[in-house]
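Colleague: Got a structure for you, written out below as structure tokens; questions coming shortly.
The values are calculated or read from the model by the stated rules, or taken from the named source; none is laboratory data. Keep in mind that this is a model prediction, so the values were computed, not measured. Here the Cβ is made from the backbone with ideal geometry for all residues, glycine too, and neighbour counts use every protein chain on show. Only protein heavy atoms, including side chains, enter the accessible area calculation; ligands, DNA and RNA are left aside. Shrake-Rupley method; radii C 1.70, N 1.55, O 1.52, S 1.80 Å.
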Amino acid sequence: QVQLVESGGGLVQAGGSLRLSCAASGSIFRLNAMGWYRQAPGKQRELVATIGSDGSTNYADFVKGRFTIARENAKNTVYLQMNSLKPEDTAVYYCHANFVGPYNYWGQGTQVTVSS
């Protein structure tokens, strides 16, 4: 079993920054891609950014140039640096991990609120 524990959410003013972290623990074996998704009230969950085991990244258009995803393979941890935050970035952010199999795991989510 795998657990994903997120941290770093909170309340910030528009234009501010936050850094999310997600650490994977448990039966870590053949961890593949990790990423972040978000879900705003009344909306579907959407991809924010992903990073492969080789460091390759993929971003949603609405965060390009503002958010940066990174990972520390030795710590099984993925980060999301969020700059120039906008009120429309307000959502619950979920960590996702994909293992060869495939197996997919989700974190419990962390709230990010951006005030105008």
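Colleague: Sort Ser56, Ser21, Ser116 by accessible area with a 1.4 Å probe, largest first.
Modeller: Numbers: Ser56 65, Ser21 25, Ser116 135 Å².
Listed by decreasing accessible area, they come as Ser116, Ser56, Ser21.
Colleague: So, with a 1.4 angstrom probe, what is the percent of accessible area on segment 1-104 that is carbon and sulfur?
Modeller: Working: 2590 of 5430 Å².
Carbon and sulfur together cover 48 percent of it.
Colleague: Please give the per residue accessible area of segment 52-116, computed with a probe of 1.4 Å over protein heavy atoms only, in Å². Each step should come with its number before you reach the end.
Modeller: On the way: 3310 Å² over 65 residues.
Each residue of segment 52-116 exposes 51 Å² on average to a 1.4 Å probe.
Colleague: Using a Cα-Cα cut-off of under 22 Å, which lysines could be cross-linked to Lys64, ignoring same-chain neighbours fewer than 8 residues away?
Modeller: Once the sequence-local lysines are set aside, what remains near Lys64 is Lys43, Lys86.
Colleague: With a 1.4 Å probe and all protein chains kept in place, how do Thr68, Thr77 rank by accessible area, largest first? Don't skip to the end; give the middle numbers.
Modeller: Details: Thr68 75, Thr77 15 Å².
Output order, biggest surface exposure first: Thr68, Thr77.
Colleague: Can you pull the accessible area of Glu88 for me, 1.4 Å probe, Å² to the nearest 10?
Modeller: Here the residue's solvent-accessible area equals roughly 120 Å².
Colleague: Related question: Report the chymotrypsin sites (Phe, Trp or Tyr not before Pro) located in segment 23-116 that are in a DSSP loop and have at most 10 other Cβ atoms inside 10 Å of their Cβ, or state none.
Modeller: Details: sites: Phe29, Trp36, Tyr37, Tyr59, Phe62, Phe67, Tyr79, Tyr93, Tyr94, Phe99, Tyr103, Tyr105, Trp106; in loops: Phe29.
Answer in residue order: Phe29.
Colleague: When the chain is treated as a GNM, springs tying every alpha-carbon pair under 10 Å, which of Gly35, Gly55, Gly65 comes out with the largest mean-square fluctuation?
Modeller: Comparing Gly35, Gly55, Gly65 in the GNM, the peak value goes to Gly65.
Colleague: Can I ask one more? Can you tally the net charge around Asn83? Count Lys and Arg as +1, Asp and Glu as -1, for every other residue whose Cβ sits under 13 Å from the Cβ of Asn83.
Modeller: Working: positive: Arg19, Lys64, Arg66, Lys86; negative: Asp89.
Residues close to Asn83 contribute a combined charge of +3.
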